[in-house]
């Protein structure tokens, strides 16, 4: 009986898709109500982010960036979900989710400073509702439940959205955050970007569950498995999750099936040690940009010239942003002490004076 019940639950979580790998519409009813201009803007953001990602990898190898987690392959999941948000919604990202917070308003040069560990990278502008990327796996999920509850108690018509990977779905914070948000009917969206490998561990070794989306059942919230390489499906699923939350129907867990084409991070990971070339080839055929490009070309909305314009703009913007990051005053120990407290305790005041003396030498 228990096995039959489990199978019934698992079979409910079929993958939601709008565009197939050829860019053809396979779910006409689910097509989101986006104008031609909005469709083009979404494609521009995806192409721009792919180029920015390539440049960031090069900058990291040159020693001009610090920590960096590549994003190629996950553009549809990241940008399709962010595009469905309101400017006043809150994003609580993981360490790979820098594109979402930049498109939500964080200046690109500050994202580069964050990568370098410079404190100004975390001084978020007042009108940008994001937190800085969380390094601790899954910690942002509990925080999201709290932010969402705060929005609800203040009567705000906004949601809090967070992102983690398939590995993050194995953390205790994942279950605690969803359970808390569900219990308080908080307007939260939990996105698991299932890119198939938590660093080197394949998703099938992370959990006995057939899908991550089905974990929503235990928390008593909605769950949906989405083709994370299909930007229209991601947008539509996120928009629906947002509307449900604002209508008082509680949180949603979205499992976006996708693939990262590069290493886990630039800190020495070698994906060829745990992924086969056959698997890479299989997912390259599902490339979110190629798929969406075909769709837009068939509608007469995209061209090679248009794409080249976006590529050139991305390269120029990255060049300007890294230049601005380079021109930012170097971080000093006294800076860190100064910004930690409104009023320094006596022990830190003494340290501040000692370091000021050292720095003046």
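The values are calculated or read from the model by the stated rules, or taken from the named source; none is laboratory data. Not measured: the values here are computed from a predicted model. Here Cβ is always computed from backbone atoms with ideal geometry, including for glycine, and neighbour counts include all displayed protein chains.
From the list 226, 234, exactly one residue is buried (at least 24 other Cβ atoms within 10 Å of the Cβ) and in a strand (DSSP E or B). Which is it?
226
Of the numbered conditions (1) free of Cβ contacts under 8 Å to residues at least 12 places away in the same chain; (2) surrounded by 18 or more Cβ atoms within 10 Å (Cβ to Cβ); (3) closer than 19 Å to residue 339 by Cβ, residue 114 fails exactly one; give the number of that condition.
Condition (1) is where residue 114 drops out.
How many residues does segment 198-213 contain that are touching a strand residue (DSSP E or B) at 6+ places or on another chain (Cβ under 8 Å) and under 18 Å from residue 10 (Cβ atoms)?
Summing the residues that are touching a strand residue (DSSP E or B) at 6+ places or on another chain (Cβ under 8 Å) and under 18 Å from residue 10 (Cβ atoms) in segment 198-213 gives 5.
Results for (1) over 21 Å from the mean Cα position of the chain (by Cα); (2) under 15 Å from residue 236 (Cβ atoms); (3) assigned to a helix (DSSP H, G or I), shown as yes or no for each residue.
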| position | (1), (2), (3) |
| --- | --- |
| 13 | yes, no, no |
| 34 | yes, yes, no |
| 43 | no, no, yes |
| 50 | no, no, yes |
| 55 | no, no, yes |
| 67 | no, no, no |
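Can you tell me which of (1) farther than 25 Å from residue 132 by Cβ; (2) more than 15 Å from the chain's Cα centre (by Cα) is the one residue 154 doesn't meet?
The one condition residue 154 does not meet is (1).
Criterion first (under 30 Å from residue 63 (Cβ atoms) and part of a helix (DSSP H, G or I)) does residue 269 satisfy it?
no
Any residue at all in segment 156-169 that's part of a helix (DSSP H, G or I), modelled with pLDDT of 95 or more and buried (at least 22 other Cβ atoms within 10 Å of the Cβ)?
yes
Do we find that residue 206 is crowded, with 17+ Cβ neighbours inside 10 Å, modelled with pLDDT under 95 and farther than 23 Å from residue 104 by Cβ in this structure?
In short, yes.
Test residue 185 against the criterion of being buried (at least 18 other Cβ atoms within 10 Å of the Cβ), in the same structural domain as residue 268 (by TED's automatic domain parsing) and either closer than 23 Å to residue 271 by Cβ or out of contact with any helix residue (DSSP H, G or I) (no Cβ under 7 Å at 6 or more places or on another chain) (or both), and give yes or no.
Taking the combined requirement at face value, the residue does not satisfy it.
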